[in-house]
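> One structure coming up, written as C-alpha coordinates, with questions to follow.
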Amino acid sequence: MGLVQGMLSNTINSLPMATEVKELGTSKNPEDLDIPTAKNITNIQEPRSFEDWVSMDIGYGIDSRMEVHDMYMTVKRLELEDWIKNTDRSKLNYSDESKLISGGLENNNHSGHSYWGCLMRTKEVYDSGWYPKYSKDANNVPS
(Lines give C-alpha, C1' and ligand atoms only; values in the text may rest on other atoms or scores of the structure.)
Protein backbone atom coordinates (compact mmCIF):
# COMPACT_ATOMS: atom_id res chain seq x y z
CA MET A 1 0.00 0.00 0.00
CA GLY A 2 2.87 2.39 0.69
CA LEU A 3 4.18 2.09 -2.88
CA VAL A 4 0.76 2.74 -4.46
CA GLN A 5 0.06 5.65 -2.11
CA GLY A 6 3.46 7.14 -2.91
CA MET A 7 2.85 6.85 -6.66
CA LEU A 8 -0.56 8.52 -6.32
CA SER A 9 0.88 11.32 -4.21
CA ASN A 10 3.62 11.97 -6.76
CA THR A 11 1.10 12.01 -9.59
CA ILE A 12 -1.21 14.40 -7.79
CA ASN A 13 1.65 16.62 -6.69
CA SER A 14 2.93 16.87 -10.26
CA LEU A 15 -0.38 18.24 -11.61
CA PRO A 16 -0.22 21.98 -12.36
CA MET A 17 -2.11 24.24 -9.98
CA ALA A 18 -4.21 27.16 -11.24
CA THR A 19 -1.40 29.55 -10.28
CA GLU A 20 1.12 27.45 -12.23
CA VAL A 21 -1.17 27.43 -15.27
CA LYS A 22 -1.26 31.22 -15.16
CA GLU A 23 2.53 31.33 -14.90
CA LEU A 24 2.82 29.05 -17.95
CA GLY A 25 1.01 31.74 -19.93
CA THR A 26 -2.04 29.74 -20.97
CA SER A 27 -4.27 32.14 -19.11
CA LYS A 28 -3.91 35.20 -16.98
CA ASN A 29 -7.53 34.96 -15.88
CA PRO A 30 -8.65 31.76 -14.11
CA GLU A 31 -12.13 32.23 -15.63
CA ASP A 32 -10.59 31.74 -19.08
CA LEU A 33 -9.63 28.17 -18.22
CA ASP A 34 -11.67 25.53 -19.98
CA ILE A 35 -13.04 24.12 -16.73
CA PRO A 36 -16.81 23.67 -16.40
CA THR A 37 -18.27 25.72 -13.61
CA ALA A 38 -21.77 26.00 -12.21
CA LYS A 39 -22.36 29.21 -14.14
CA ASN A 40 -21.62 27.40 -17.42
CA ILE A 41 -23.91 24.50 -16.60
CA THR A 42 -26.98 26.25 -15.25
CA ASN A 43 -29.13 29.02 -16.68
CA ILE A 44 -28.48 28.20 -20.31
CA GLN A 45 -30.23 30.70 -22.52
CA GLU A 46 -31.14 28.33 -25.38
CA PRO A 47 -32.22 24.70 -25.25
CA ARG A 48 -29.65 22.13 -26.37
CA SER A 49 -32.08 19.21 -26.41
CA PHE A 50 -35.64 18.37 -25.44
CA GLU A 51 -34.30 17.45 -21.99
CA ASP A 52 -33.67 21.15 -21.25
CA TRP A 53 -37.40 21.94 -21.44
CA VAL A 54 -40.14 21.93 -18.85
CA SER A 55 -42.99 19.58 -19.72
CA MET A 56 -44.87 20.82 -22.78
CA ASP A 57 -48.49 19.88 -23.48
CA ILE A 58 -49.77 20.51 -27.01
CA GLY A 59 -53.34 19.56 -26.16
CA TYR A 60 -53.26 15.83 -25.52
CA GLY A 61 -52.25 15.85 -21.86
CA ILE A 62 -48.89 14.20 -22.58
CA ASP A 63 -45.36 15.56 -22.49
CA SER A 64 -44.48 16.80 -25.98
CA ARG A 65 -41.08 18.34 -25.27
CA MET A 66 -39.47 16.37 -28.13
CA GLU A 67 -41.94 17.68 -30.69
CA VAL A 68 -41.82 21.29 -29.45
CA HIS A 69 -38.02 21.23 -29.35
CA ASP A 70 -37.91 19.83 -32.89
CA MET A 71 -40.23 22.59 -34.12
CA TYR A 72 -38.39 25.29 -32.13
CA MET A 73 -35.06 24.25 -33.65
CA THR A 74 -36.58 23.95 -37.15
CA VAL A 75 -37.95 27.51 -36.93
CA LYS A 76 -34.50 28.68 -35.80
CA ARG A 77 -32.67 26.73 -38.53
CA LEU A 78 -35.00 28.13 -41.20
CA GLU A 79 -34.57 31.65 -39.73
CA LEU A 80 -38.33 32.07 -39.27
CA GLU A 81 -38.17 33.49 -35.74
CA ASP A 82 -39.45 36.92 -36.75
CA TRP A 83 -42.19 35.38 -38.88
CA ILE A 84 -43.53 33.21 -36.06
CA LYS A 85 -43.39 36.12 -33.58
CA ASN A 86 -45.09 38.61 -35.90
CA THR A 87 -47.76 36.42 -37.49
CA ASP A 88 -51.24 36.23 -36.02
CA ARG A 89 -52.08 32.79 -34.60
CA SER A 90 -54.97 32.36 -37.03
CA LYS A 91 -52.63 32.77 -40.02
CA LEU A 92 -49.78 30.52 -38.89
CA ASN A 93 -50.99 27.13 -40.01
CA TYR A 94 -51.94 27.87 -43.63
CA SER A 95 -48.86 29.59 -44.99
CA ASP A 96 -45.80 28.86 -47.06
CA GLU A 97 -43.65 29.23 -43.93
CA SER A 98 -45.69 26.61 -42.10
CA LYS A 99 -45.16 24.21 -45.02
CA LEU A 100 -41.40 24.85 -44.77
CA ILE A 101 -41.49 24.07 -41.05
CA SER A 102 -43.51 20.90 -41.59
CA GLY A 103 -41.09 19.71 -44.26
CA GLY A 104 -38.06 20.62 -42.14
CA LEU A 105 -39.00 18.77 -38.98
CA GLU A 106 -36.64 16.01 -37.97
CA ASN A 107 -39.58 13.83 -36.91
CA ASN A 108 -42.90 14.92 -38.37
CA ASN A 109 -45.13 12.50 -36.49
CA HIS A 110 -48.00 14.99 -36.35
CA SER A 111 -51.66 14.81 -37.12
CA GLY A 112 -53.20 18.09 -38.20
CA HIS A 113 -54.25 18.93 -34.64
CA SER A 114 -50.94 17.99 -33.02
CA TYR A 115 -49.06 20.04 -35.62
CA TRP A 116 -51.23 23.08 -34.88
CA GLY A 117 -50.87 22.58 -31.11
CA CYS A 118 -47.11 22.30 -31.42
CA LEU A 119 -46.97 25.36 -33.67
CA MET A 120 -48.97 27.37 -31.11
CA ARG A 121 -46.70 26.26 -28.22
CA THR A 122 -43.63 27.09 -30.32
CA LYS A 123 -45.06 30.55 -31.05
CA GLU A 124 -45.61 31.06 -27.31
CA VAL A 125 -41.98 30.15 -26.65
CA TYR A 126 -40.71 32.55 -29.31
CA ASP A 127 -43.05 35.30 -28.08
CA SER A 128 -41.95 34.92 -24.44
CA GLY A 129 -38.37 33.77 -24.96
CA TRP A 130 -37.25 30.28 -23.99
CA TYR A 131 -35.39 31.32 -20.85
CA PRO A 132 -36.41 31.30 -18.01
CA LYS A 133 -40.08 30.30 -18.42
CA TYR A 134 -39.49 27.11 -20.43
CA SER A 135 -36.09 26.14 -18.98
CA LYS A 136 -36.16 23.04 -16.80
CA ASP A 137 -33.11 24.24 -14.84
CA ALA A 138 -34.47 27.74 -14.24
CA ASN A 139 -37.68 26.22 -12.91
CA ASN A 140 -35.87 23.69 -10.70
CA VAL A 141 -37.53 20.73 -12.40
CA PRO A 142 -35.77 17.49 -11.40
CA SER A 143 -34.17 15.44 -14.14
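The values are calculated or read from the model by the stated rules, or taken from the named source; none is laboratory data. As the structure is a prediction and not an experimental result, all values here were calculated from the model. Because the Cβ atoms are built from the backbone with ideal geometry, glycine has one as well, and the counts that use them run over all protein chains shown. Remember, those area values only see protein heavy atoms, side chains included, never the ligands or the DNA or RNA. Shrake-Rupley method; radii C 1.70, N 1.55, O 1.52, S 1.80 Å.
> Which order do K133, K123, K76, K99 take when ranked by solvent-accessible area (1.4 Å probe, heavy atoms of all protein chains), largest first?
Solvent-accessible surface, decreasing: K99, K133, K76, K123.
> Starting from the Cα gyration tensor of segment 45-90, take the square roots of the eigenvalues, sort them a ≥ b ≥ c, and report rounded, prolate or oblate (rounded when a/c is under 1.5, otherwise prolate if a/b is larger than b/c, else oblate).
oblate
> Hand me the chymotrypsin sites (Phe, Trp or Tyr not before Pro) from segment 52-143 located in a DSSP loop with no more than 13 other Cβ atoms within 10 Å, in residue order please.
Qualifying residues, ordered by number: Y60, Y94.
> Accessible area per residue of segment 34-143 at 1.4 Å probe, in Å²?
That works out to 61 Å² for each residue.
> With respect to the cross-link table entries K99/K133; K91/K123; K76/K99; K91/K136, which display a Cα-Cα separation exceeding 20 Å?
The answer is K99/K133; K91/K136.
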